[in-house]
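One structure is given here, and the rest of the page talks about it.
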Amino acid sequence: MKKGATIFLVTCLMFSLVACSSGGNSKQSSQAKKATQTQRPTLPESNETENNETENNKTEKGTSAKEEQTEEIPSENSATENSSAKAEQEANNETELNDELEVDFTYDYSEDIRADIDYVVSSSTSLQKELENVEAVIQKYNLLAEEAQSQGEMNVSSKWLYVIWDTELNNLWSRFSNSADQQTKENILADQRNWNDMKEEAVFENIGLSEENGSMYPLLENSFLEEITRNRVYVLANELAKIKGESFIMPEKSAKYGFFVDNQGTGSIYSSLITRQGVSGDDEAVISIYRLGEIKGVFVDNGNGELSFASNDADTRMVKGIIKINGWDGASFTVTEASEGFLSVGEEFDFPFAF
């Protein structure tokens, strides 16, 4: 048989084997489940990893030198094998890419998320590093969430991110309870219970009722819960770090936006202050004062830690004032102008609980 014919038959045989191998693999009921179960969050590399990479680089250099030597003496058999191997690799890469893009939005990720958080907790050398690694878990599920096409899929995937922080919060609380002395535990437990009790009311004050937002309400609710639960995780991690004697740096709070309440030490919201960017792009504020009412308006950042507030022109109760946001220590509002019979100039209202 001629050499050309031999090469052709060998090549066809190799492609047939690849096709059979690809076709014989049955898909799991959920490709997304496979992705989350086989991948752990990317954690900081150790010296051992760096050493392995160095050895790999040496191996790659040796392989490259060998390949250069092989290229100097062409071989029909090696050319056929290289061509077949390349085709097989391309087929495998295409299969892996398709697997990554197939996300099952009906799958319950709760157990996968719990496994990821357990892995992060056991692998982290400090609480600061632990929360950095939780952020890596968030990025992992963000990649899956980005495949959402419909509003329903976006609603479902937005809950994954909230569940990640909620799972970490419960894990932290368990460790805090086992480590704190009785007095510290009771103080933090009271705050934690109040925070839990206020969550539903906080959602209502910030995004309204489900009837007002239609099909995107679950997305708005989950996104808000993700934000405030993440904040609560950092608060509790900071308390646990004090007990463990670890240094811990809280993330910076926005100097413009946030949700602050006066709960009078209870699980109910008495007064609240919301500063946010409105749908039109303006900076807006909603100030609710216990038993006095609610005022809405816009604010301007003065650049010195003060926000100048003015109620909407349509509001008959004209009010102006200064909002000061004190990061994790809450916020305050001082009245500088007010219509008669509502608020008095010079009155100051504190909102010490930062969500």
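The values are calculated or read from the model by the stated rules, or taken from the named source; none is laboratory data. Here the structure is a predicted model, which is why all the values come from computation and not from measurement. Note that we place each Cβ from the backbone using ideal geometry, even for glycine, and neighbour counts take in every protein chain shown.
Structure summary
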read-out: Matching entry among Leu220, Leu236, Leu209 (being hydrophobic (A, V, I, L, M, F, W, C), modelled with pLDDT under 95 and in the same structural domain as Ile138 (by TED's automatic domain parsing)); value: Leu209
read-out: Boolean, Lys199 is modelled with pLDDT under 95 and either in a helix (DSSP H, G or I) or not small (Gly, Ala, Ser) (or both); value: no
read-out: Residue match in segment 225-236 (condition: among the acidic types (Asp, Glu), part of a helix (DSSP H, G or I), free of Cβ contacts under 8 Å to residues at least 60 places away in the same chain and closer than 21 Å to Leu127 by Cα); value: yes
read-out: Test: residue in segment 270-282 that is within 31 Å of the chain's Cα centre (by Cα), at pLDDT below 95 and of a type in the set (Ser, Thr, Tyr); value: yes
read-out: Hey, Gln183 part of a helix (DSSP H, G or I), in contact (Cβ under 8 Å) with a residue 12 or more places away in the chain and more than 20 Å from the chain's Cα centre (by Cα) or not; value: no
read-out: In segment 242-293, residue surrounded by the most Cβ atoms within 10 Å (Cβ to Cβ) [restricted to those that are assigned to a loop (DSSP other than H, G, I, E, B), in contact with a strand residue (DSSP E or B) (Cβ under 7 Å, 6 or more places away or on another chain) and among the hydrophobic types (A, V, I, L, M, F, W, C)]; value: Ile269
read-out: Checklist (1) outside the structural domain of Lys324 (by TED's automatic domain parsing); (2) free of Cβ contacts under 8 Å to residues at least 60 places away in the same chain applied to Lys253, failing item; value: (2)
read-out: Unmet requirement for Met198, which otherwise passes all of (1) touching a Phe, Trp or Tyr at 6+ places or on another chain (Cβ under 9 Å); (2) over 27 Å from Thr275 (Cα atoms); value: (2)
read-out: Of all residues making up segment 207-224, the number that are outside any helix (DSSP H, G or I) and of a type in the set (A, V, I, L, M); value: 1
read-out: Extreme residue, surrounded by the most Cβ atoms within 10 Å (Cβ to Cβ), among residues of segment 317-355 that are among the aromatic types (Phe, Trp, Tyr) and at pLDDT 95 or above; value: Phe351
read-out: Filter result for the condition that a residue is under 30 Å from Glu186 (Cβ atoms) and of a type in the set (Gly, Ala, Ser), over Ser280, Ser308, Ser247, Ser254; value: Ser247
read-out: Test result for Phe224, among the aromatic types (Phe, Trp, Tyr), surrounded by fewer than 17 Cβ atoms within 10 Å (Cβ to Cβ) and closer than 19 Å to Val279 by Cα; value: no
